[in-house]
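Reading through the structure tokens given below for one structure.
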2 protein chains.
Amino acid sequence: MLSARALAAFRTALGENRVFDDAATRTLYASDETPRQVMPDAVLFPNSHDDVLALARVACAHTVALTPRGAGSGNVGGALPAPGSVVVSFECMRRVIEFNPDDRLVVVETGMVTEDIDRLAREAGLFYPPDPGSGPYSRIGGNLAMNAAGPRAVKYGVTRDYVLGLRAVTGAGEAIRTGCRTTKGVTGFDLTRLLVGSEGTLALITEATLKLLPAPETVATLRLCFASARDALDAVIRIMRQPVAPSALEFMDARAIDAIRPTGAADDLASGTRALLVVEADGAAEDVPRQIAALQAALQGPGLLEMKSGFAREAIAQLWAARKSLSHAVKRIAPLKINEDVVVPVSQLADFVDFIDATAETHRLPIVSFGHAGNGNLHVNLMVHPDDAGEMARAHAALDALMAKVLALGGTLSGEHGIGTEKRRFLPREIDPPTLALMRTIKQQFDPQGLLNPGKLFPDTDA
Amino acid sequence: MLSARALAAFRTALGENRVFDDAATRTLYASDETPRQVMPDAVLFPNSHDDVLALARVACAHTVALTPRGAGSGNVGGALPAPGSVVVSFECMRRVIEFNPDDRLVVVETGMVTEDIDRLAREAGLFYPPDPGSGPYSRIGGNLAMNAAGPRAVKYGVTRDYVLGLRAVTGAGEAIRTGCRTTKGVTGFDLTRLLVGSEGTLALITEATLKLLPAPETVATLRLCFASARDALDAVIRIMRQPVAPSALEFMDARAIDAIRPTGAADDLASGTRALLVVEADGAAEDVPRQIAALQAALQGPGLLEMKSGFAREAIAQLWAARKSLSHAVKRIAPLKINEDVVVPVSQLADFVDFIDATAETHRLPIVSFGHAGNGNLHVNLMVHPDDAGEMARAHAALDALMAKVLALGGTLSGEHGIGTEKRRFLPREIDPPTLALMRTIKQQFDPQGLLNPGKLFPDTDA
């Protein structure tokens, strides 16, 4: 319970109009994209790095837990308030501090919307490669916390690969600067990448120096219908073995295709289609046709029923339609989507999809799988009715089996969503005790009172 | 001084033939590429991860400092024995544990020679992009310790970008595993990248899972003579603003060109050449001519005296000859090379080279500069006679001024060599006190007795 003195201290530090403890505001910030809701004690809206430093010092002095929050668009409860905590919303911190096309970098406050960074970069012929699905509204701070990615990761990498340096405030109320402004640098420990993916448990990231790349001139798309998931995923291996890096390599399984049938988005798929790939190439207008030809050659193989290509904007949109209609379509299957974000080595994808099918059957659950096949990153969605206790129990058993299989195949629990509240019980299965113990002691150095995002990432923490 | 009991314990743990304390062996392992020499008390040659775990436990029990060592090819004293320490040489640990072309990865012991990894990868049409100059003999463990890079970094990134996961032994004698086997993963803190670049101060890295890429089909080279460094470095900015990423973008200043004149390697440069660029493109045979044309277009500008291109192996070698002859040629100028490895933003390179020229004049020293211009990474070599006290004093004053300028321009102290013993006094100029304090506390978590590579990276440590 937030004390009146702590509340007053936050108001003194930030100003009256940046501290809200009314029920309406607290309700607005009580949830993220997970189905749970936890009311915070208050919501803070810092307007600058100095504001964040000031509020962290108040939190330290009054022992107040803080839940940092970008857009609340995360899938794993990373921004779900810890009970008794105060939400720190970064949404007012969206200034561009420096945009430097010659050095191919931008320095932004971490409340900036991800796609706004890309939009700014493109004004100078550059682009910001990471493209999470939430990019139109997610804040870059959330992307940094979770090391977000998206379809382009197969060619361009993830958020981590585009962070040169950070400015942040630790849980001890200390301002730190990590990294540099250049694409190379090995000066002290890499605290930049330690903070990326740490889910707000080590520090509140206030500013980020991001690397930009020259924007590709054009893009073209292929859509491929396969007779089976294994045929499609064998084609994925062939794609990843040849030199043309696709700028997207997306997979949909049979249940995903069935899910979009009612929307009409599957009407133009070849008859007998049980798996879909969408493959994209980008680059110079003069070169993209060569890339597409090379990708087409690699994609040829058993079970390929149909291959369509698009070079014009409308044709590309048409080819993506099935994939883009999916998120909305799956909601019709059941009210709750348990959205896993696992990764297995590309060579193991087909075995894993077989296992998902068997698990769906054993546990009598619709499981819809799709995702970034070139990285081995599948979004596995268990569709459930939360009021059906039997179904929920089966879903938990299925989840358990899926996680065990992911790890047995040499995979990892999360590719781009993070651990949050939702997967922390699984963490000890992947990370051995001495390694996890080191993570805990590192946490203590940054946040000795355990004030930053308690109850996230680590199993069995105190919140 | 190593106790007889500790020595016996190492012999029991590793076997008689893996522990040497004779003067000849100790002398062989007393130095790296810096001019200093410090005799270790013994040299250990572990043969496996388990051996490293065993020796670390002996070191903990007997409080013996360890100096990890790959090939000893570092430039900053990273492998220079701390006084009273025992060298841990990884040169026997060079096994390939797994080579998996379908998942584009290789798992190796960290004593493997860097270029051997690339050679293995190419057998399956893949390659290992980082290409430090020492690649023919450096060990991957040293590359990991220093986050090594090379000319290809401008297109492909540095060692850090190719490490998926690590196996290591901490200074507390605990075996840990970090990261994963897939190109995406956000599961707990990124200890992998915390270890990369930590210069052996956190853990002894025993095995690395490395990412490979499909090998480019072909390569072509441009060599450009410019009337001034500023003209050449303006061209570098133009290259980095357009979409074709060169696979190398190397710069040599006027003093570097003068240095190679006696070797004949400058004979075919255009008259009046005061700066040289070597630019490379790689990719599909069908596409490289387009890339070269785009690069040529971007390179056109004031002060361009001559541009030569090569597509055949001999022509390429001829164009690289000036750059490749440099390392040997500079040794004729003076017996000692103080080799700095600074980085400034690409937009600041020309100002920085002007400052180097002025510094050389003020302090009456030959300073030869060349390096990876596309990353803003310059190797600045102060050529001195170590017996000339006045010259050495001027060199130290010049170094001091150069480091101050690098930081004033938004740069960083090291791009790919690391800090080691040689630059640690400069570290507090770049890293602020709270950030450096955090690095020290992280060090304590991994290595509570301070046994791992003491006297490196941190300023004013106890060795």
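What list of ³J(HN,Hα) values in whole Hz, one per residue of segment B:132-138 in order, does the Karplus curve 6.51 cos²θ - 1.76 cosθ + 1.60 (θ = phi - 60°) give from phi, with Gly and Pro shown as x?
The phi angles translate into x, x, 7, x, x, 9, 5 Hz.
Taking each label point as 7 Å beyond Cα in the direction of the beta carbon, state the distances from B:Ala293 to the same residue in the other copies, shortest first, in nm.
1.5
Which whole-number value in Å³ per residue fits the convex hull of the alpha carbons of segment A:276-339?
On the way: hull volume 8.1 nm³, N = 64.
Dividing the Cα hull volume of segment A:276-339 by its residues yields 126 Å³.
With all protein chains present, how much of the accessible area of segment A:169-212 (probe radius 1.4 Å) comes from carbon and sulfur, to the nearest whole percent?
Carbon with sulfur: 37 percent of the solvent-accessible area.
Lys/Arg Cβ at +1, Asp/Glu Cβ at -1, dipole of the protein assembly as shown taken about the Cα centre: which of B:Pro243, A:Ile419, B:Phe127 is farthest positive-ward?
Value: A:Ile419.
Put A:Leu44, A:Leu2 in order of accessible area, largest first, 1.4 Å probe: what do you get?
Working: A:Leu44 0, A:Leu2 30 Å².
These residues rank, largest area first, as A:Leu2, A:Leu44.
What does the accessible area of A:Glu314 come to, in Å² to the nearest 10, when a probe of 1.4 Å is used?
A:Glu314 has an accessible surface of roughly 130 Å² with all protein chains in place.
At a probe radius of 1.4 Å, what is the per-residue accessible area of A:Cys180, in Å² to the nearest 10?
About 20 Å², rounded to the nearest 10.
Taking 4 °C and 1.567 mPa s as the conditions, I'd like the Stokes-Einstein D for segment B:218-328 in µm²/s, using the Kirkwood hydrodynamic radius from alpha carbon pairs. Each step should come with its number before you reach the end.
Working: Rh = 13.9 Å.
The calculation lands on 93 µm²/s.
When the Cα centres of segment B:222-238 and segment B:384-458 are compared, how far apart do they sit, in Å?
31
Hey, what's the Kirkwood Rh for segment B:354-463 if you take every pair of different alpha carbons, in angstrom?
Numbers: mean 1/r = 0.0636 Å⁻¹.
It is 15.7 Å.
In the structure displayed, which of A:Lys155/B:Lys211; A:Lys155/A:Lys324; B:Lys211/B:Lys405; A:Lys184/B:Lys443; A:Lys155/A:Lys405 lie more than 25 Å apart, Cα to Cα?
Working: A:Lys155/B:Lys211 13 Å; A:Lys155/A:Lys324 20 Å; B:Lys211/B:Lys405 36 Å; A:Lys184/B:Lys443 23 Å; A:Lys155/A:Lys405 27 Å.
Beyond 25 Å: B:Lys211/B:Lys405; A:Lys155/A:Lys405.
Calculate, in whole percent, how much of the Cα-Cα pair population of segment A:334-408 lies beyond 16 Å.
Values: 1186 of 2775 pairs.
Distances greater than 16 Å cover 43 percent of the Cα pairs.
Tell me, what is the Rg over Rh of chain B, with Rh the Kirkwood radius over Cα pairs?
0.98
Using a 7 Å offset from the Cα along the Cα-to-Cβ direction at both B:Glu314 and A:Gln242, what is the distance between the two label points in nm, to one decimal?
Distance between the two pseudo-spin positions: 3.4 nm.
Note down the accessible area of A:Arg18, probe 1.4 Å, to the nearest 10 Å².
50
Can you tell me the 0 to 90 degree angle between the C-alpha axis of helix A:4-14 and the longest principal axis of chain A, rounded to 10?
Helix A:4-14 sits roughly 70 degrees off the main axis of chain A.
Students sometimes get this wrong: rank A:His379, A:His328, A:His62, B:His396 by accessible area, probe 1.4 Å, all chains present, largest first.
Result of the area sort, largest leading: A:His328, B:His396, A:His62, A:His379.
Whole number in Å², please: accessible area per residue of segment B:96-214, 1.4 Å probe, ligands, DNA and RNA not counted. Could you put the intermediate results ahead of the total?
Working: 2910 Å² over 119 residues.
Result: 24 Å² of accessible area for each residue.
Compute the angle between helix B:229-241 and the longest alpha-carbon principal axis of chain B, please, reported from 0 to 90 degrees and rounded to the nearest 10.
80
So, with a 1.4 angstrom probe, what is the percent of accessible area on segment A:220-305 that is carbon and sulfur?
On the way: 1390 of 2670 Å².
Roughly 52 percent of what the probe reaches on segment A:220-305 is carbon or sulfur.
Take the alpha carbon atoms of the protein assembly as shown, find their radius of gyration, then divide it by 2.2 N^0.38 Å using N residues; give the quotient. Before the final figure, lay out each step's value.
Details: Rg = 27.8 Å, N = 926, 2.2 N^0.38 = 29.5 Å.
Compactness ratio reported: 0.94.
Say a label goes 7 Å from Cα toward Cβ at B:Leu28 in every copy; what distances in nm does this one have to the rest, shortest first?
From this label point to the equivalent ones elsewhere in the assembly: 7.1 nm.
Closest to the A-onto-B rotation axis, which residue of chain A has its Cβ, and how many Å off the axis is it?
Closest to the axis: A:Arg193, 2.
Rounded to two decimal places and with Rh computed the Kirkwood way over Cα pairs, what is Rg over Rh for segment B:4-89?
My calculation puts Rg/Rh at 0.95.
Segment A:133-152 to segment A:8-26: how many Å between their Cα centroids?
Rounded to whole Å, the Cα centres lie 28 Å apart.
Translational diffusion coefficient of segment B:1-53 at 4 °C, 1.567 mPa s, Stokes-Einstein with Kirkwood Rh over Cα pairs, in µm²/s as a whole number. Can you show the working numbers first?
Values: Rh = 11.9 Å.
In µm²/s, the coefficient rounds to 109.
Cut-off under 12 Å on the C-alpha distance; same-chain residues fewer than 8 positions from B:Lys337 excluded. Which aspartates and glutamates are left, in chain and number order?
Within the straight-line limit of under 12 Å, B:Lys337 reaches these aspartates and glutamates: B:Glu33.
I need the Debye-formula profile for segment A:50-106: one equal scatterer per C-alpha, no solvent, reported as log10 I(q)/I(0) at q = 0.13, 0.18, 0.21, 0.25 1/Å, two decimals.
So the normalised log intensities are -0.48, -0.75, -0.88, -1.01.
Exactly which GluC sites (Glu not before Pro) in segment B:66-128 are in a DSSP loop and have at most 13 other Cβ atoms within 10 Å?
Details: sites: B:Glu91, B:Glu98, B:Glu109, B:Glu115, B:Glu123; in loops: B:Glu91, B:Glu123.
For GluC sites (Glu not before Pro) across segment B:66-128 that sit outside H, G, I, E and B with at most 13 neighbouring Cβ atoms in 10 Å, the list reads B:Glu123.
For A:Ala8, place a label point 7 Å out from Cα along the Cα→Cβ vector, do the same in each other copy, and report the separations in nm, one decimal, smallest first.
Label-point distances to the other copies, shortest first: 7.0 nm.
How would A:Lys405, B:Lys423, A:Lys324 rank on accessible area, largest to smallest, probe 1.4 Å?
Numbers: A:Lys405 60, B:Lys423 0, A:Lys324 145 Å².
Greatest to least solvent exposure: A:Lys324, A:Lys405, B:Lys423.
Give me the percent of DSSP beta bridges within segment B:4-89 that run antiparallel, rounded to the nearest 5. Before the final figure, lay out the partial values.
Working: 2 of 9 bridges.
Around 20 percent of the beta bridges assigned by DSSP in segment B:4-89 are antiparallel ones.
Calculated FRET efficiency, A:Ala297 and A:Ala215, Cβ-Cβ r, R0 35 Å, to nearest 0.05?
On the way: r = 27 Å, r/R0 = 0.77.
Result of the calculation: an efficiency of 0.85.
Give me the distance between the Cα centres of segment A:93-120 and segment A:295-368, rounded to whole Å.
33
Given just the C-alpha atoms of segment A:96-214, how large is their convex hull per residue in cubic angstrom?
Numbers: hull volume 11.4 nm³, N = 119.
Residue-normalised Cα hull volume stands at 96 Å³.
Nearest 10 degrees is fine. How inclined is helix A:433-446 to the longest principal axis of chain A, computing both from alpha carbons?
40
The values are calculated or read from the model by the stated rules, or taken from the named source; none is laboratory data. Since this is a predicted model, take the numbers as computed values, not measurements. Backbone-built Cβ (ideal geometry, glycine too); neighbour counts: all protein chains shown. When the accessible area is computed, the model is the full protein with side chains, heavy atoms only, and any ligands, DNA or RNA have been set aside. Shrake-Rupley method; radii C 1.70, N 1.55, O 1.52, S 1.80 Å.
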